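So the structure is just underneath, and the comments pick up after that.
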Amino acid sequence: MSFNGKKVGEDLKKAFSTGVSYMMPSVIVGGIFLAIALSSGTPTDEGMVVTNPFLQNLNTIGVAGFAMMIPILAGYIAYSIAGKPGLIPGMILGHIANTPLGDEGVSTGFLGAMIVGIMAGYLARYVKTWKVGPTIRTIMPILIIPIITTFIVGMVYIYILAQPLSGFVTSLVHFLSSLQGGNALLLGLVIGAFTAIDMGGPINKTVTAFTLALMAEGIFEPNGAHRIAVAIPPLGLAISTFISRRKYTKAERGMGVSAGFMGLIGITEGAIPFAVNDLKRVIPAIMIGSAVGGGIGMLQNVGTYIPHGGLIVIGAVDGKLWFFLAMLIGSLVTALILHFTKPDLQEADPPSKTK
């Protein structure tokens, strides 16, 4: 099996596109059901609490859709590279990447899922080339390849990839703590950027833990900045799909509607499908937009008293006008950055005329 830069690049582009296309329905289903359920929720110290039994069931469906999102992404990345033998290893490994491991509870979210999906795909494709007898060949796709791929990539992830991330997250906590009580604008910018960078992953959760710790001390402004920032990536992308329609496919524009709903209820993961397809443009745009929103929130002393974000919690916010304006301005910044950095889609070649 040969690897050259151009071929690998084409493989990865196709794999990410495949992963996103299969993940989209799970994101949409989960997001819509969560939006309906949480819109009826009551703000509490534990977040938005849904009390209606029927809406609790809708919430359960929504949570299930989100739980499936990351494994599907990893599974179909591997499937695109290796075919059917890569699918189940990718899904299992994607689930592991999104599940807290060890005493530190390390999880790597969608970025980890992309990495293990790629590793599983290439390893499964390599194992497919092994020369084996006819009897073994029949069980290779359903037994040999999945077991070998899942074991090797799983062990590499658990013993090599996860621990360095744990150290990084610990360092991040110390860094955020060092900013406490310092420059409000700087703290807001950092909280906003780190909230957006992995869209609900371990860095986002580290920021959440930091702001919750401050809430326990009676300091609510950093939580306000964080809860503004969580909504900006999906809202910014929703606005971008509306004002920059030539830069998105029809499916992505439809996904923008779902992302908008998710942004309103503070679900950052609504931006993930867009980021997977265009990391180099989307990640900087959402980080800058969220940083702007977080910075404005801190400067204006916006405090949020519950551990949830989005406009859905505005009733539990001190400084409601600036909470709304910071979220709007940050979302517009993201949309404008994407407007000027994302290229227009290439028009399909017109059909040739025949006489």
task: Measure nothing but the geometry: give the 0 to 90° angle between the long axis through the Cα atoms of 5-38 and the longest principal axis through the Cα atoms of the chain, rounded to 10°.
output: 50
message: Give me, ordered by chain and number, the residues 5 or more places off residue 44 or on other chains with an amide H under 5 Å from its own placed amide H.
response: 49
message: For Rg and Dmax of the Cα atoms in Å, pick the label among (1) 21.5, 79; (2) 19.7, 70; (3) 19.7, 60 that corresponds to the value derived from the coordinates.
response: (1)
message: Quick check on the chain: helices-only [θ] at 222 nm, where DSSP H runs of length 4 and up contribute -39,500 (n - 2.57) each and the sum goes over total residues. Nearest 500, please.
response: -23000 deg cm²/dmol
field: Where labels lie 7 Å past Cα in the beta-carbon direction, separation of residue 140 and residue 17 in nm
entry: 2.8
- prompt: What net charge is computed for the residues neighbouring residue 278, neighbours being all others with C-beta under 11 Å from the C-beta of residue 278, Lys and Arg scored +1, Asp and Glu -1?
  reply: +4
field: Assigned charges on the beta-carbon of Lys, Arg, Asp, Glu; the chain dipole about Cα centre (debye)
entry: 1720
- line: Using alpha carbon centers only, the range 196-267 is separated from the range 305-326 by a whole-angstrom value of 13
query: To the nearest 10 degrees, how steeply does helix 202-216 sit against the main Cα axis of the chain, on a 0 to 90 scale?
result: 20
- request: Search the structure for amide H atoms under 5 Å from the amide H of residue 101, placed 1.01 Å from N in the peptide plane, and list their residues when 5 or more places away or on another chain.
  value: 106, 107
Net charge over other residues, Cβ less than 13 angstrom from the Cβ of residue 81 (K, R count +1; D, E count -1): +4
- prompt: Taking a probe of 1.4 Å, how large is the accessible area per residue of the chain, in Å²?
  reply: 46
Accessible-area composition of the chain, carbon plus sulfur, in percent [1.4 Å probe]: 67
- request: Would you mind finding the longest exposed-site-free stretch of the chain, with exposed GluC sites (Glu not before Pro) meaning DSSP loop and at most 14 other Cβ atoms within 10 Å?
  value: 47-216
message: Could you compute the net charge surrounding residue 303? Neighbours are other residues with a C-beta less than 11 Å from the C-beta of residue 303; K and R count +1, D and E count -1.
response: 0
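The values are calculated or read from the model by the stated rules, or taken from the named source; none is laboratory data. Source: prediction; values computed, not measured. When we count neighbours, we look across all protein chains shown, and the Cβ atoms used for this are built from the backbone with ideal geometry, even at glycine. The area values use the complete protein model at the heavy-atom level, side chains included, leaving out ligands, DNA and RNA. Shrake-Rupley method; radii C 1.70, N 1.55, O 1.52, S 1.80 Å.
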